[in-house]
Amino acid sequence: MPDSMSKPIAELNLTPTQGDLPAIKPEEYAHFAKLLENVNEEDLSIEEQKERKILAFLLKIKNGTPQMRKSALRQLTLNAR
């Protein structure tokens, strides 16, 4: 069993995020740092809004519950071009 699987959940050092996003592990900060920033999404450009939405879907697929993963993957595949 990997080390992370044998540790209790409280010891995994997960950072809770806002809204309906799953927790982010410390080694994932570099990839998902934009999601941790508190910004008004209405003030962002369309491209920045799309990037944040895609990052949120990827985080849900990576760290979410099975239902959250399925929903995020469906959204990505339906909206992919």
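The values are calculated or read from the model by the stated rules, or taken from the named source; none is laboratory data. All figures in this text were calculated on a predicted structure; none of them were measured in a lab. Counting neighbours? That spans all protein chains shown, and the Cβs are built from the backbone with ideal geometry, glycine included.
I need the full set of residues from the stretch 21-59 which are part of a loop (DSSP other than H, G, I, E, B) and touching a residue at least 24 places away in the same chain (Cβ under 8 Å), in order please. Let's see the steps before the verdict.
Going through the stretch 21-59, the residues part of a loop (DSSP other than H, G, I, E, B) turn out to be 21-23, 25, 37-40, 44-45.
Passing the criteria: L21, P22, A23, K25.
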In the stretch 60-78, which residue that is free of Cβ contacts under 8 Å to residues at least 40 places away in the same chain and hydrophobic (A, V, I, L, M, F, W, C) is farthest from P22 (Cα to Cα)? L78
Which residue out of I46, I24 is exposed (fewer than 10 other Cβ atoms within 10 Å of the Cβ), among the hydrophobic types (A, V, I, L, M, F, W, C) and modelled with pLDDT of 55 or more? I46
